[in-house]
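A quick write-up on the structure given underneath.
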Amino acid sequence: MLEAQNLAARRGCSQLFSGLSFRVAAGEVLVVTGANGTGKTTLLRTLAGLTAPSEGEIRWNGKLQLPFAPELRRALAFAGHAPALKDELTAEENLSLLVELAGGRAGRASIRAALDAVALGRRRALPARVLSQGQRRRIGLAKLRLIERRLWILDEPVTALDAAGAALLANLVAVHLAGGGVAVAATHAPLGLPEERMRALALP
Amino acid sequence: MRRPRDAPAASRGPWGAARPMLAGEGAAAPVAVDEEGGAIWPAIRWALCRDLRIALRSRAELGVQLLFYVIVVTLFPLATTPERQLLMTMGPGVLWVAALLASLLSLPRLFAGDFADGTLEQIVLSPHPLPALVGGKILAHWLTTGLPVVLLAPALGLQYALPADALLVLALALLIGTPTLSLLGAIGAALTLGLRAGGSLLALLVLPLYIPVLIFGAGSVDIWRAGLAISGNLSLLGAGLLLAVVGAPFAAAAAVRIAMD
């Protein structure tokens with residue numbers, strides 16, 4: 001499914017990583033680990049097509065993907081550091097805007113059901129400004145539930161989540177993988193997934 | 001945990017061929033489709049509605065910009081002589097320069113907010129065509145900052161003793177010219193994303209591009225008052241607007257993608 005060959009990236013004049021090759025098959029999650037500043041976020045952004053690698057290539061379903069390739073954009077759900085929420089809008093408005101932006105169509109009922117599932121049902125009418133970091137993350141989880149994507153790229157998905165939130169995330173990823181999805185996650189905390197589904201990649 | 005699975009994900013374009021027809025959307029209204037297979041109108045509508053809604057929730061900021069415009073225009077008669085003839089001569093120019101500055105003042109917010117909170121990442125990774133999303137944002141920017149300037153201009157022009165017909169010509173020229181300001185400004189706003197001195201660099205980048213609009217816009221009132229036909233000036237403003245409409249969303253979209261790196 002997702003394949004990288006000889007990937008290299010640099011930030012300024014420092015080489016972050018080079019010669020990185022891996023393959024993630026359907027139903028597998030690639031867990032990227034490494035100390036701060038080793039290029040986890042850069043690798044994830046490169047895989048998502050936000051930046052071009054300085055060397056190497058990325059293939060999705062065997063096809064070469066250049067940055068912003070439409071095919072990859074239709075297959076991808078990217079959850080970066082920032083949760084992409086507008087402070088002025090309510091949780092419900094934020095979620096439905098994010099789903100629509102991803103090309104999905106969610107009615108009011110399914111939006112509310114998704115917010116209920118991440119325990120934000122009673123806070124759906126609050127502006128995102130007053131939500132905690134963990135609650136903001138949970139809106140991102142609700143979005144993953146609502147949009148249909150084969151490839152999930154998650155940057156530090158466990159950050160700011162409490163135990164219940166982390167369990168929600170693990171459950172979500174497990175269902176995604178069981179459905180033949182692919183995931184890449186950069187994380188320091190364990191994801192709580194079965195070993196056989198996980199492939200590890202440690203950045204030097 | 002249940003997940004809706006209505007169609008295989010791989011074959012499902014965002015608004016692609018498999019999209020069901022909506023009520024009232026027949027063969028008479030074909031959906032415009034770009035080369036990437038995404039429909040343009042839903043993308044424009046998404047960005048337009050979203051930015052308008054956010055603008056409505058932060059009305060105070062819009063009010064400040066409009067007040068800035070009003071004050072700048074009002075300062076000139078106070079600072080110069082209250083001589084009728086002089087005011088009439090410089091009025092259109094002052095109103096145009098103030099419109100330029102008001103547009104410039106609001107431009108950094110066009111993309112910077114979305115850039116800071118991660119929305120811009122989601123926008124460039126969306127299956128919707130990026131120029132259409134950017135175009136919708138520009139349209140919302142004009143509706144919230146350019147249109148109020150146009151509507152206020154006749155009232156503010158009274159301070160310069162401009163006759164009613166000249167005020168109408170002024171408003172008409174601003175109506176055609178200010179969208180061009182938003183469109184050109186969006187390119188500059190996207191190019192200066194993430195830069196430390198972004199605001200001042202934006203002014204240096206964009207103001208020279210505004211000059212032709214300024215010349216033909218402010219000039220149209222003088223020509224009208226001299227009793228000549230203004231169709232030439234307005235046509236040039238219109239031509240500039242058309243060029244900007246066709247080109248600016250693509251240029252701004254390309255600049256937004258560069259800013260992601």
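Just so it is clear, none of the values below were taken in a lab; they were calculated from the coordinates. Because the structure is a prediction, the values reported are computed rather than measured. In this analysis, Cβ positions are derived from the backbone assuming ideal geometry, glycine residues included, and neighbour counts consider all displayed protein chains.
Sequentially through segment B:87-95, phi angles give Karplus couplings (6.51, -1.76, 1.60; θ = phi - 60°) of 4, 4, 5, 8, x, x, x, 4, 4 Hz, Gly and Pro residues having no value and appearing as x.
Relative to the longest principal axis of the Cα atoms of chain A, helix A:163-178 runs at roughly 60 degrees. Highest average first, the peptides B:237-243, B:153-159 ordered by how many other beta carbon atoms sit within 10 Å of their residues are B:153-159, B:237-243. Across chain A, Cα pairs under 8 Å and at least six residues apart give a relative contact order of 30 percent.
Round to a whole angstrom and tell me the spacing of the C-alpha centers of segment B:33-109 and segment A:1-72. Taking the Cα centre of segment A:1-72 as reference, the centre of segment B:33-109 is 42 Å away.
Near B:D261: Cβ cut-off under 14 Å, other residues only, Lys/Arg at +1 and Asp/Glu at -1. The net charge is +3.
For peptide A:94-104, the mean count of partner chain Cβ atoms within 10 Å of a residue's Cβ comes to 5.
With contributions of -39500 (n - 2.57) from each DSSP H run of at least four residues, the per-residue ellipticity at 222 nm computed over the protein assembly as shown stands at -18000 deg cm²/dmol. Using a cutoff of 8 angstrom between alpha carbon atoms and counting only pairs six or more residues apart, the relative contact order for chain B works out to 22 percent. Derived scalar couplings between HN and Hα for segment A:194-201 equal x, 4, 5, 8, 9, 10, 9, 9 Hz in order, rounded to whole Hz, by the Karplus curve 6.51 cos²θ - 1.76 cosθ + 1.60 (θ = phi - 60°), x for Gly and Pro.
Along the axis of the charge dipole computed for chain B (Cβ charges of +1 for Lys and Arg, -1 for Asp and Glu, origin at the Cα centre), the listed residues B:A47, B:L95, B:L174 are led at the positive end by B:A47. The convex hull of the Cα atoms of segment B:37-259, projected and averaged over all directions, covers 12.4 nm². By DSSP, the beta bridges lying fully in the protein assembly as shown are antiparallel in about 45 percent of cases.
When chain A is described by a simple charge dipole with +1 on each Lys and Arg Cβ and -1 on each Asp and Glu Cβ, the residue from A:L76, A:G27, A:Q5 located farthest towards its positive end is A:L76.
Among A:S21, B:S106, a tally of other beta-carbon atoms within 10 Å of each Cβ gives an order, fewest to most, of A:S21, B:S106.
With a simple spin-label model that places each label point 7 Å from the Cα along the Cα-to-Cβ direction, the separation between B:Q85 and A:R199 comes to 8.4 nm.
First measure r as the distance between the Cβ atoms of A:A167 and B:T74, then evaluate 1/(1 + (r/R0)^6) with R0 = 56 Å and state the FRET efficiency to the nearest 0.05.
So the FRET efficiency works out to roughly 0.40.
Along segment A:58-69 the Karplus relation, 6.51 cos²θ - 1.76 cosθ + 1.60 evaluated at θ = phi - 60°, assigns HN-Hα couplings of 10, 10, 10, 6, x, 9, 5, 10, 8, x, 6, 4 Hz to successive residues, with x for each Gly and Pro. Between A:S18 and B:A197, the distance separating the two model label sites (each 7 Å from Cα on the Cα→Cβ line) works out to 3.5 nm. Could you work out the mean count of beta carbons from other protein chains within 10 Å of each residue's beta carbon in B:119-131? Mean inter-chain Cβ contacts per residue within 10 Å come to 6. Judged by the gyration tensor of its Cα atoms, with axes a ≥ b ≥ c, chain A is prolate; a/c meets the 1.5 cut and a/b is the larger of a/b and b/c. Placing unit charges on each Cβ (+1 for Lys and Arg, -1 for Asp and Glu) gives the protein assembly as shown a dipole about its Cα centre, and among B:G198, A:T42, A:T90 the Cα reaching farthest toward its positive end belongs to A:T90. Dipole magnitude for segment A:2-202: computed about the Cα centre from +1 point charges on Lys and Arg Cβ and -1 point charges on Asp and Glu Cβ, it is near 380 debye. Looking at segment A:2-202, the DSSP beta bridges with both ends there are about 45 percent antiparallel. Summing Cβ point charges (Lys, Arg +1; Asp, Glu -1) relative to the Cα centre of chain B gives a dipole of roughly 620 debye.
Database remark: amide H of A:T51 closer than 5 angstrom to the amide H of A:T46 (H placed geometrically; neighbours at sequence offset of 5 or more, or on other chains; Pro and chain starts carry no H). A cut-off of 5 Å between modelled amide H atoms, ignoring neighbours fewer than 5 places along the same chain, links A:T33 with A:L201, A:A202, A:L203. Legend: mean number of C-beta atoms from other chains within 10 angstrom of residue C-beta atoms, peptide A:144-151, equals 3.
Taking the number of Cβ atoms within 10 Å of each Cβ as an exposure proxy, the fewest-first ranking of A:F22, B:F76 is A:F22, B:F76. Helix A:108-117 versus the longest principal axis of chain A: what angle, 0 to 90°, nearest 10, using Cα atoms? Between the helix axis and the principal axis of chain A, the angle is about 70 degrees. Mind sorting A:E100, A:E195 by how few other Cβ atoms lie within 10 Å of their own Cβ, fewest first? Fewest-to-most Cβ neighbours within 10 Å comes out as A:E195, A:E100.
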